[in-house]
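Chemist: Have a look at the structure that comes next, please.
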Amino acid sequence: MNDRRKFLTTTIAMAGSAVLAACGADDNPASSAKLNAMSATRASTPSPNGSVIPPLNSIADAQGGVWTVANGVVQLNGQNAGYTNLVTLLVYYNSTVYQQNQVGDWWSWNGTGWVATANDPRPAEDLVFYGINTHSTVGDNTYGTVPFSTQIAQMRQMGVTMVRTNGNGSSEVGQLKTFIQQLQGTGMQAYPCIDQYLDTSNTSMTEQDYYNQGYSLGQTAASGLKGLVGYYEVGNEIDSQLLLSGAYNGDVPSQYSNQLFPLARGLVRGMIDGIKSIDTAAKIIAPACSWLHFAFSDMLWNGTQPDGSSGYPQVRWDIEAWHWYSDMGNILAASNYEGVTNVLATLQPRRNLPIWLTEFGVRPFSNGVPGVSGVPTEKQMGNWLLDQGSTQGGYPTVESVAAQYGVQAIMLFELYDDPNDGNYGVIAADGTTLKGRYARLQSYMGANPPATFL
């Protein structure tokens, strides 16, 4: 690392130091000293492949060495490991230790010192798996009062690598751009969900009208974010607007409104075309569906409609998006009106695309957790997420079949409690109180890096 780069990284780091201190980073001298003393004992078992600090406090290599990061400096067995400065991530991958600093530079340890390397050594799917939902770009409630730097530090310490947030219109896109610029050197990414819905009260709008609306939204998002994001999600549960009855599973085309479906198709097509007119390299995440609403995405893809007619424009995307919550049960064995459905096994072969669970969470209301009568406690909510007690369907369930079904990401819903959504957050509405799920998920994500199951 040359002197000019050292000076630059020092200057950039000063702005973020107070935030990391408030969030329990490794700049507490007492805790750092304790960690260093602990690390003097050599480890007998290496850490899992893909282990990362944070969320872990230490990593063990194959030679028994214990690695820590204190005040932005990498240490091996309690001693400085060569020269490092302002380190934000330490990664153990394929028996090599890598570090990233606050300006985004990557270095690998060769046994005696650090060698510059091009980028993060982990494959792309490892970098998106543990995600979270926020409304940071909307700027209301807690998301509007807690600084971006604090939100980012809280997510990073938890182990999050991908952030899904709103990107609907120029204001939200502008906020997302500011947010992403603060992600540099954190090992995190973000992408927009353009969550535009149909105005079902306006009966005069046509498919072309919605196409034009979607095109404008897509262009706005891509114009502001090209080069900063690699993904765009084009819709959020539009499928539910079209169901003729809440009693339907949504796996049969005729269960959707034939009048509204062309409007939804126009909106989604427009968003995709608008994005691609600016950012041809972008990957498109499908309009997110939930429950068993397979027929909605099937009709978009196949160019068909609920009445069985065909020959309409076929919509294409790169990644399937699905939502799953605790009240739906186990995603591998969802009880429904027609029997029991393995949702991932049903979805994956339809188009053989990667699957992202872009909302995955626990319902905080009465009967929101299987087997729990009344409103679930914080512990019961965490139990569902971690397959503990008698519950099934959380992270371990999905990760056990992630490679088989091509599941590349799980986006937890959500960071903060929000009166518009409910008490889904892993952090209370005050923006500072960490709930029990936060620590449990932090520990789980640290102990189960994606490289161990993807």
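A short reminder: the numbers here are calculations on the coordinates, not readings from a lab. Everything quoted here is computed from the prediction, not taken from an experiment. Here Cβ is always computed from backbone atoms with ideal geometry, including for glycine, and neighbour counts include all displayed protein chains.
Chemist: Write down Rg/Rh for segment 321-448, rounded to two decimals, with Rg from the C-alpha atoms and Rh from the Kirkwood relation over Cα pairs.
Modeler: Rg/Rh: 0.97.
Chemist: Over what distance in Å are the Cα centres of segment 412-427 and segment 106-123 separated?
Modeler: 37 Å
Chemist: Assuming 1.002 mPa s and 20 °C, estimate D for the chain with Stokes-Einstein, Rh taken as the Kirkwood radius over Cα pairs, in µm²/s.
Modeler: Result for D is 93 µm²/s.
Chemist: If packing is taken as the average number of other Cβ atoms within 10 Å across a peptide's residues, how do 65-74, 299-308 rank, most packed first?
Modeler: 65-74, 299-308
Chemist: How many times 2.2 N^0.38 Å is the alpha carbon radius of gyration of segment 259-359?
Modeler: Compactness ratio reported: 1.14.
Chemist: Residue 117's amide H: which non-local residues (gap 5+, or another chain) put their own amide H closer than 5 Å, with H modeled 1.01 Å from N in plane and none for Pro or chain starts?
Modeler: Here the answer is 106, 107, 108, since their amide H atoms fall under 5 Å of that of residue 117.
Chemist: How large is ³J(HN,Hα), in whole Hz, for each residue of segment 403-415 in order, when computed from phi with the Karplus curve 6.51 cos²θ - 1.76 cosθ + 1.60 and θ = phi - 60°, using x for Gly and Pro?
Modeler: 5, 5, 9, x, 7, 10, 7, 10, 9, 4, 10, 8, 6
Chemist: Determine ³J(HN,Hα), in whole Hz, for all residues of segment 85-98 in sequence, where each value follows from phi through the Karplus function 6.51 cos²θ - 1.76 cosθ + 1.60 and θ = phi - 60°; x replaces Gly and Pro.
Modeler: Residue by residue, segment 85-98 yields 7, 6, 6, 10, 9, 10, 10, 10, 9, 6, 6, 10, 9, 10 Hz.
Chemist: Taking H as built 1.01 Å from N, whose amide H comes closer than 5 Å to the amide H of residue 60, not counting residues under 5 places away?
Modeler: Those lying under 5 Å, H to H, from residue 60 are 47, 67.
Chemist: What list of ³J(HN,Hα) couplings, whole Hz, do you get for segment 42-50 from phi and the Karplus terms 6.51, -1.76, 1.60, once you set θ to phi - 60° and write x for glycine and proline?
Modeler: Running phi through 6.51 cos²θ - 1.76 cosθ + 1.60 with θ = phi - 60° gives 6, 7, 8, 10, x, 5, x, 4, x Hz.
Chemist: Based on the mean of other Cβ atoms within 10 Å per residue, sort peptides 344-350, 122-128 so the most packed one is first.
Modeler: Listed from highest to lowest mean packing, they are 122-128, 344-350.
Chemist: Let me ask something else. Show the residues, 5+ positions off or on another chain, whose built amide H is closer than 5 Å to the amide H of residue 89.
Modeler: The list, which skips near neighbours in sequence, is 100.
Chemist: Could you sort 145-158, 182-195 so that the peptide with the highest average Cβ count within 10 Å comes first and the rest follow in order?
Modeler: 182-195, 145-158
Chemist: Using Cβ counts within 10 Å as a stand-in for footprinting exposure, how do 285, 278 rank, fewest first?
Modeler: Sorted ascending by nearby Cβ count, the order is 278, 285.
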